[in-house]
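Notes to accompany the following structure.
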4 protein chains.
Amino acid sequence: MPPTLGVGLIGHAFMGAAHSHAWRTAPRFFDLPLAPELTVLVGRDATRVAEAAGTLGWSSTETDWRRLLERDDVDLVDICTPGDTHAEMAIAALEAGKHVLCEKPLANTVAEAEAMAAAAERAAASGVRAMVGFTYRRVPAIAFARQLVADGRLGEIRHVRAQYLQDWIADPAAPMSWRLEKDRAGSGALGDIGAHIVDLTQFITGQLLTGVSALLETFVKKRPLPASHGKLGGVGGEGMGEVTVDDAAVFLGRFTGGALATFEATRFALGRKNAIRIEVNGSAGSLAFDFEDMNVLHFYDGAEPASTAGFRRIVVTEPEHPYVGAWWPAGHGLGYEHGFTHQVVDLVTALAAGEQPTPSFADGLQVQRVLAAVERSAADNSAFTEIRTTAAEGEN
Amino acid sequence: MPPTLGVGLIGHAFMGAAHSHAWRTAPRFFDLPLAPELTVLVGRDATRVAEAAGTLGWSSTETDWRRLLERDDVDLVDICTPGDTHAEMAIAALEAGKHVLCEKPLANTVAEAEAMAAAAERAAASGVRAMVGFTYRRVPAIAFARQLVADGRLGEIRHVRAQYLQDWIADPAAPMSWRLEKDRAGSGALGDIGAHIVDLTQFITGQLLTGVSALLETFVKKRPLPASHGKLGGVGGEGMGEVTVDDAAVFLGRFTGGALATFEATRFALGRKNAIRIEVNGSAGSLAFDFEDMNVLHFYDGAEPASTAGFRRIVVTEPEHPYVGAWWPAGHGLGYEHGFTHQVVDLVTALAAGEQPTPSFADGLQVQRVLAAVERSAADNSAFTEIRTTAAEGEN
Amino acid sequence: MPPTLGVGLIGHAFMGAAHSHAWRTAPRFFDLPLAPELTVLVGRDATRVAEAAGTLGWSSTETDWRRLLERDDVDLVDICTPGDTHAEMAIAALEAGKHVLCEKPLANTVAEAEAMAAAAERAAASGVRAMVGFTYRRVPAIAFARQLVADGRLGEIRHVRAQYLQDWIADPAAPMSWRLEKDRAGSGALGDIGAHIVDLTQFITGQLLTGVSALLETFVKKRPLPASHGKLGGVGGEGMGEVTVDDAAVFLGRFTGGALATFEATRFALGRKNAIRIEVNGSAGSLAFDFEDMNVLHFYDGAEPASTAGFRRIVVTEPEHPYVGAWWPAGHGLGYEHGFTHQVVDLVTALAAGEQPTPSFADGLQVQRVLAAVERSAADNSAFTEIRTTAAEGEN
Amino acid sequence: MPPTLGVGLIGHAFMGAAHSHAWRTAPRFFDLPLAPELTVLVGRDATRVAEAAGTLGWSSTETDWRRLLERDDVDLVDICTPGDTHAEMAIAALEAGKHVLCEKPLANTVAEAEAMAAAAERAAASGVRAMVGFTYRRVPAIAFARQLVADGRLGEIRHVRAQYLQDWIADPAAPMSWRLEKDRAGSGALGDIGAHIVDLTQFITGQLLTGVSALLETFVKKRPLPASHGKLGGVGGEGMGEVTVDDAAVFLGRFTGGALATFEATRFALGRKNAIRIEVNGSAGSLAFDFEDMNVLHFYDGAEPASTAGFRRIVVTEPEHPYVGAWWPAGHGLGYEHGFTHQVVDLVTALAAGEQPTPSFADGLQVQRVLAAVERSAADNSAFTEIRTTAAEGEN
């Protein structure tokens, strides 16, 4: 039996449920070097957290997340709360010697993210690790896309186009939520979903964005307040509330290798529910992915003769594909939550090996800097704005 | 806390893993009226079953399935073994007052299936229930297809075309396995995967097949024996083994409502990994489904004006769709194993309500009779062969 | 300037318009060894044929097709009339020393087709040629599919599945037409569209069907008579007319090389307008085609490693692809009528070279024999029925 | 018989062939109020133009385009030459009282385009008309998209994303051509193909772009000179030539109604041959189109209940669809060149009615101004740059 890894999870909404499933499920399908234990679930309301712990499979509960820092049976703190709380929690946990898995975006501001990355770097010196949860990297088709690029199958990258399209507030009558408040969420579509496509395109290409030119828009500026605190922690009350984040973000970018990129993140693409669409064109090959068909990667091999060349619809469910061998026979597709399970697998494997899991807090900070550059560009008449690579005073 | 439901599972290969996941996961996402407990796992080899129980999450193990009949902590026997063992196990379990969930096909012969259905009927009188595991019915897109037909959105059904395409033995060098032996598997592609499309088309249309005209083929008659007992229980040894089942089955059929149908089940459709493709054309609408894109159902509404009519690509991930509300937000697709979880949900719900879960053993018997008619037709120069509806002496 | 080829066309409805376009257009895009002249158009009604000749670009008209036989300026007779007239016209034209292009199906009965094939064989001795118009062979994606099979890229063929799906009479209120009368049309969906997929699958595989097992169905047995003679030559009058042909045909088949096949031809597949869908699975590769996306061929190369294998969406618009070099740059797709233009190109090229154009009348006869076997099987309880290869007394 | 319309065509390469086909074909399928005559073809080389006239069907030839201005049998001048010649030819023709159809982009500079629009406006006073050839507007699926937006089926437009992806110079070894020289072509991907998506998105939405933020890139700065004058008029010689235009253009934009837009035009999207992809999201519906599947329009109707909502794959081949009724039965798709034929139909119809055909030279000028703003933005650090609406001194 492998040694145990006691986990304390903060938050039990959408992300908390996904992470719980992953902690429960990973050891059932993968040979893990550590045995995760669902030790303690944290929520502010004692009744609700107790109920959630029962449902999600946690052994105990706390209502104050700081209690995790003191508990010896907690080796890792998993943070699934809104972005405004990440910095405080993560830094405290790392300083208490707990490994940390933190949901994305790493923080609501670059300054917070910088503090977190610094804390992670300090902690690493004593073998305490921090990871940020860009789970879509662990969709097999995405991981395989990265592999193809790393293997040189795409050659020199020329174009990246990435869209994250949702439509859950396309209706102006959709109610307010914490996700539409700048104080809680940091930003709107940009940070919530734009962060994913920034991370994914950098991950797949193995390159960083060097600068961006952006437009942000809030199409619907006021929304009805929900009647009471909803599942996602709405602000409550009656009347209308002000939307203080972006509804949509579009931006151009350049990658370190010279590729041109277009990005779009929106919650107003009517009919698109969770369409993460990424295309990469290189001098030797091209890729296309759409999360609405998540088990498929389209690959064009430029080395093929013209008459038989074409985008191949690769069903990424072969034993040869990343993560897939642990699951079902070929053709039996995976779902959304498998990315979280794979994240646990990679995290636990890195912890046991004493290695840095990826993406690190430094990686999360870099994404945050891209988002900040997007906001600066949008505020500066869309001027092309470089991604800062060092800490900057007073930056958002 | 709901009352518990002690489960004993026989078999821990592919199906055993899928069922284990479902028993573990269903109560985490659904409010179940009974709390399933993973009480005991049964396997012939003590060492291997102990290891599997640890991995899959079972509390205890047995090496003789008959022990389940005696254990008071087992309320339900879940049978995930090859088809030649189903009848004996299921009948014994039902007679011992245990509910039964039995993998498909129900049995290797109609006679066995008849005995099982009779046992199920006897057991039902005392509230003991039996269900056969046609899990694909519980893929949300399939369940929603059934709903559209039941709601009359397709009108009178005219055409059904169903294919279950795999390619795992398209290579003549692929080794022998128990699935290629008639004694163990009953039949080849016909029973293994053809059974699914027979069940699914009958389920979606709400009609039964009345007769079939068929061709069976074994393209590769001898295959290399595996070097040793493999994961799936291969027969071992060296040299070549004889394939005694069909590699592919094609058949025409008629449904009770007069629709024409074509069926194809094969393990030789190179490039198709697990492509369950079903199309239904009615007088008012049409449907198309492909398991390679399992979260999508294509629906054509004949009531739409010609200029705006078209097959709609419905992403079946809305809260309004069957089973989906318990999972993730819209657009976050499910995977293969969710069908098993939904099967547990429906089974447990029916047990708690004292109702017959579906598909019943009688439903499984009817599918078996269709398969038998396919074999009779193929043996009788493809003559159109009626599906028997009552027990027949000496039938396969 | 190449020598001229005087063409006389009989019929000016749908097919007449398509053939006229082809004769006009072929020399504009292809270097032809003979210069086709649109010499004379034949129609029964003097006024209507004159109007049609003006619209379609023909230099003169006749109301009696027999006049073509006497005209020295007519080198080739192009027959675009209903099937019941083909035999008489084609045989007379061949005997008069005119080349013949005859629309499919070759005839309404095997006996007629046999007479035509015999006449073609006699005529060939003196260099007079006959061709039957299975134009879909000349869709570039289809021609390229044939090439891939001929090049051995599919290996041994195991499966063929072919569907020709339309929906123009899915509505029971759709009126009668000559296409629904056995006397005029010979058969219904079977001969009209089923003939195409029989020809195409034989063409692509380079093999012949050896036998079939079939079901035919007429879903709607009576239909309203149109108020007057319509565009397609409806029978006129009031009240209801009897549909005397099949609405749909489904059949199984075997090819000479042992492949299993399923076929479906229907006018009741609601939502499918002209969906010719063909899939071929071989031991080395697979193909898939759908005329609804006619410039695309999907090809799976079994030689590719599992991780990067997938159906390639080949856009068949490269200069390397059949016929395409004469048209537009890559990616600029062709349409339905281009098949007819390519037919003219191949026919004229063969005539100038003194070679037999394909498909020949013998090929058309063979397709007719398949259709006849389908009808015999359907009338004989779907029994597997061999395709006759020699003339048979009293056959339909 | 309708009165004739004598046409003089300048240029006989790719575009000249397409226009010739359209002039020949339009009257065969549509009832036109004027009868176009292919009167004279103009090319600089007497031998080559004579050969082209024979192939393409023109009655006479000229080697000096100015001769058209003098010929009484020429009513309309059709300009299919590189952009640097458009202004001189078009203005002279209009001043000579000839109608003008001019290929896009209208000119290589805004100043030229302004002069052309002014000439068109003057000519219109005396009933002489000018039209610019954005033929993709006449693809039925695009025309139908416009109709859906005009009918309010999309509601308020929120997002536009448009890409025109080609790959014909993705290979650095592809040779120089006039299309890569700024003097001849004006710009690269931007003007050649970016112009189309600017026009198409403005056409479909019925709105104009108000400003843009852009990046331009030339990935391959030097290319091998072709051995001799090629088909497209290459510059000849040996060694390497300098590419003086953009290989790719990406830009953000805003529409008059407030929608956000992303645009991408490139010749380096390996695997995409002529992929014009346009998506529009509105508050009531969404559209998606890809020229690689040109007979299809995807439409999402937001009024549909969530459970049955989905992008409809509308096969735009019904008699109810724009232009389609003149061609084939439903499901028989059209090809690239049909857009040119429809352009002739609309142009001739407008001329006969004494109305302004669209898109006018003013429309072409507006597109040119968008392209100029893209270039200015790219030269100004991607700053958001307004589209000028009045003549500007010294503008490119």
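Here are some notes:
- Legend: mean number of C-beta atoms from other chains within 10 angstrom of residue C-beta atoms, peptide B:161-170, equals 4.
- For region D:180-192, 3J(HN,Hα) computed residue by residue from phi via the Karplus equation (6.51, -1.76, 1.60; θ = phi - 60°) reads 9, 10, 4, 4, 7, 9, x, 8, x, 4, 4, x, 6 Hz, glycine and proline entered as x.
- Nm distances between copies for B:T85, ranked from closest, using label points 7 Å along Cα→Cβ: 4.9, 7.1, 8.2
- Each copy carries C:A306; placing its label point 7 Å along the C-beta direction from Cα gives inter-copy distances of 3.6, 4.0, 5.0 nm, listed from smallest up.
- Rg and Dmax, both from the Cα atoms of region C:4-136 and both in Å, are 13.9, 39.
- Other protein chain Cβ atoms within 10 Å, averaged over every residue that makes up A:137-150: 0
- Karplus-derived HN-Hα couplings along region D:127-132 (A = 6.51, B = -1.76, C = 1.60, θ = phi - 60°), whole Hz, x at Gly and Pro: x, 8, 10, 10, 9, 10
- Size descriptors for region A:81-131: radius of gyration and Dmax over Cα atoms are 9.7, 28 Å.
- In this structure the amide hydrogen of D:R158, modeled in the peptide plane, comes within under 5 Å of the amide hydrogens of D:N281, D:G282, D:S283, none closer than 5 places in sequence on its chain.
- Sorted shortest first, the separations between the B:R48 label point and its copies elsewhere in the assembly read 4.9, 7.5, 7.6 nm; each point sits 7 Å from Cα along the Cα-to-Cβ line.
- If only the Cβ of Lys and Arg carry +1 and only the Cβ of Asp and Glu carry -1, the dipole of chain D around its Cα centre is close to 500 debye.
- Debye-sum result for chain B in log10 I(q)/I(0), which assumes one identical scatterer on each alpha carbon, at q = 0.07 Å⁻¹: -0.32
- When the C-alpha to C-alpha distance is required to be over 19 Å, the pairs from C:K104/C:K221; A:K273/C:K273; A:K182/A:K222; C:K104/C:K222; D:K182/D:K221 that qualify are C:K104/C:K221; A:K273/C:K273; C:K104/C:K222.
- Karplus 3J(HN,Hα) series, Hz, for region C:335-346 with 6.51 cos²θ - 1.76 cosθ + 1.60 (x for Gly, Pro): x, 3, 6, 4, x, 5, 5, 5, 4, 4, 4, 5
- Rounded to the nearest 20 debye, the dipole size of region D:4-136 about its Cα centre is 260 debye, using +1 on the Cβ of Lys and Arg and -1 on the Cβ of Asp and Glu.
- Once C-alpha pairs closer than 8 Å and six or more residues apart are averaged by separation and normalised to the residue number of chain B, the relative contact order reads 20 percent.
- Residues C:W178, A:W327, C:W58 in ascending order of nearby Cβ atoms (within 10 Å, fewest first): C:W178, A:W327, C:W58.
- Inverse of mean 1/r across different Cα pairs in region C:289-396, Kirkwood, Å: 18.0 Å
- Beta carbon of chain A nearest to the axis of the rotation taking A to C, residue and angstrom distance: A:R312, 2
- Amide H to amide H distances under 5 Å link B:V100 with B:V77, B:R129, B:A130, B:M131, where only residues 5 or more positions off or on other chains count and H is placed in the peptide plane.
- Extreme residue, positive dipole direction of region B:4-136, given options B:A123, B:A26, B:H12 (C-beta unit charges): B:A26
- Exposure proxy shown here: for C:D75, A:D246, B:D183, the number of other Cβ atoms within 10 Å sets the order, fewest to most, as B:D183, C:D75, A:D246.
- Shape call, the protein assembly as shown: gyration tensor on alpha carbons, a/c limit 1.5: oblate
- Estimated FRET transfer efficiency when R0 is 51 angstrom, pair B:K222-C:S126 (beta carbons, to 0.05): 0.40
- Charged neighbours of A:L69, selected by a Cβ distance under 11 Å, balance to -1 (K, R count +1; D, E count -1).
- Over region A:1-81, relative contact order from alpha-carbon pairs under 8 Å, at least 6 apart, %: 42 percent
- Sorted by Cβ density within 10 Å, fewest first, the residues B:H338, D:H19: B:H338, D:H19
- For A:A248, the residues whose amide H sits under 5 Å from its own are A:A189, A:E217, A:F219, ignoring neighbours fewer than 5 places away on the same chain, with H placed 1.01 Å from N.
- In chain D, the calculated helix contribution to ellipticity at 222 nm averages -9000 deg cm²/dmol per residue, counting -39,500 (n - 2.57) for every DSSP H run with n ≥ 4.
- Note on A:206-218: average number of Cβ atoms from other chains within 10 Å of each residue's Cβ is 3.
Since every read-out is calculated from the coordinates, none of them should be taken as a lab result. What you see is a predicted model; the values in this text were computed from it and never measured. Cβ atoms come from the backbone with ideal geometry, glycine included; neighbour counts cover every protein chain shown.
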